[in-house]
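J.: I have a structure here, written as C-alpha cells, and I will follow up with some questions on it.
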Amino acid sequence: MAAQRIDKILSATGRYSRREAAALVKAGAVTVDGVCCRDAARKIDPDKQALAVRGEPVGWKEHVYLMLHKPLGVLSATRDRDQKTVLDLLPPEYRARGVFPVGRLDKDTSGLLLLTDDGDFSHRLTSPKHRVDKVYLAQTDGTPDEAAVQAFADGLTLRDGTHCLPATLEILGENQVRVTVQEGQYHQVRRMLAACGTPVRELMRLREGGLELDSSLKPGAWRELTEREMREFF
Ligand code: URA
C-alpha cells in the first residue's frame, strides 16, 4: 500500500487522535523498524515497515470489516440524537475510524449487518448494479400463494408504482418464507410481501452475497470478518 504519515497511521488504529499520535512521536515513544522516529510527518509503508509504540507493534489495517447481529430496536445509522444506533454497540475506536453500516436494516429488522470504513466494499454490496443476493427470513401474517411466488420472480410493482427487480420467494411453511432480493429499496421486503397480501410480522437478514450471519453471534454481538470470508469476498 502507499506510504502514509506516521501520525495518520497511528490515528487510523482508532486508539489515538491525530494530536495524541503526534505527541507520542515527539516524545520518542514510536519506532520504525526498531529505530526511534520523532518525525510524525514521515511517510512509511505499514505493510513493509514495523511501526511500534513503546515497543508494542501497531496492529494496523487499512480497513476494517465487521459482522454484527443487529438486534431489534436499534437504528442502522452512525449517530442519532435520541435513539441507539449500531455504532453504539461497538467499541469507540470503530467510530473514531469512521466505520459505518453497509446499507440499512429497518429498526424492526434483525440479523446480518456489515460495517466497514471501506467505501468500495460498501458500494459493491449495496449497488443494484452488482446484483448481490440479500437473503431474509420472514414471519408473515398468512402464507403467500403460488401467484405471489410468480409475481416476485417477474418483478413486483409496489402500490406506489415502485418497480422491484425479479426476486425469489420461497414458502418454508405456514406463515414463514425466505426472500432473496438484489437491491435495497426502502422497506422493500416488507412492502413486497404486503403487496401480496401477507404483511411481515418479523424480519431477519441471514446473508449478503457469500457472507452468512454467524449463528454463534447473539443479537447485539459482532466480530471482524475472518481472512477466509474476506478472501471469498474479494
Ligand atoms: N427489507 C425491509 O423491508 N426491511 C429491511 O430492514 C430490509 C429489507
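J.: If you go through segment 219-234 one residue at a time, how many are part of a loop (DSSP other than H, G, I, E, B) and surrounded by fewer than 13 Cβ atoms within 10 Å (Cβ to Cβ)? Talk me through it step by step, then tell me what you get.
T.: Step one: list which residues in segment 219-234 are part of a loop (DSSP other than H, G, I, E, B), which gives 219-221, 225-226, 234.
Pick out the ones that are also surrounded by fewer than 13 Cβ atoms within 10 Å (Cβ to Cβ) and you get 226, 234.
Looking only at that region, the number is 2.
J.: Let me ask you something else. Against the definition (in contact with a Leu (Cβ under 8 Å, 6 or more places away or on another chain), surrounded by fewer than 20 Cβ atoms within 10 Å (Cβ to Cβ) and among the acidic types (Asp, Glu)), how does residue 208 come out, yes or no?
T.: For residue 208, the condition - in contact with a Leu (Cβ under 8 Å, 6 or more places away or on another chain), surrounded by fewer than 20 Cβ atoms within 10 Å (Cβ to Cβ) and among the acidic types (Asp, Glu) - is not met.
J.: If you go through segment 134-144 one residue at a time, do you hit one that is more than 16 Å from the ligand (Cβ to nearest atom), modelled with pLDDT of 95 or more, within 18 Å of residue 194 (Cα to Cα) and surrounded by fewer than 18 Cβ atoms within 10 Å (Cβ to Cβ)?
T.: Scanning segment 134-144 turns up at least one residue that is more than 16 Å from the ligand (Cβ to nearest atom), modelled with pLDDT of 95 or more, within 18 Å of residue 194 (Cα to Cα) and surrounded by fewer than 18 Cβ atoms within 10 Å (Cβ to Cβ).
J.: Only residues that are assigned to a loop (DSSP other than H, G, I, E, B), closer than 21 Å to residue 139 by Cβ, away from the ligand (no atom under 13 Å from the Cβ) and out of contact with any strand residue (DSSP E or B) (no Cβ under 8 Å at 6 or more places or on another chain): list them for segment 157-186, please.
T.: Answer for segment 157-186, where residues must be assigned to a loop (DSSP other than H, G, I, E, B), closer than 21 Å to residue 139 by Cβ, away from the ligand (no atom under 13 Å from the Cβ) and out of contact with any strand residue (DSSP E or B) (no Cβ under 8 Å at 6 or more places or on another chain): just 174.
J.: Something else about it: So which residues in segment 98-108 are within 19 Å of residue 223 (Cα to Cα), touching a strand residue (DSSP E or B) at 6+ places or on another chain (Cβ under 9 Å) and either without any contact (Cβ under 8 Å) to a residue 40 or more places away in the chain or surrounded by 21 or more Cβ atoms within 10 Å (Cβ to Cβ) (or both), if there are any at all?
T.: Selection gives 99, 100, 101, 102, 105.
J.: Specify which of the listed residues (96, 40) is more than 16 Å from the ligand (Cβ to nearest atom), more than 23 Å from residue 124 (Cα to Cα), among the aliphatic types (A, V, I, L, M) and under 18 Å from the mean Cα position of the chain (by Cα).
T.: Matching residue, one of 96, 40: 96.
J.: Related question: Could you check segment 199-219 and list, in sequence order, the residues that are within 13 Å of the ligand (Cβ to nearest atom) and either among the β-branched types (Val, Ile, Thr) or touching a strand residue (DSSP E or B) at 6+ places or on another chain (Cβ under 6 Å) (or both)?
T.: Scanning segment 199-219 gives 200, 201, 202, 203, 204, 205, 206, 207, 208.
The values are calculated or read from the model by the stated rules, or taken from the named source; none is laboratory data. Keep in mind it's a predicted model, so treat the numbers as computed, not measured. Please note: Cβ atoms are built from the backbone with ideal geometry, for glycine as well, and neighbour counts cover all protein chains shown.
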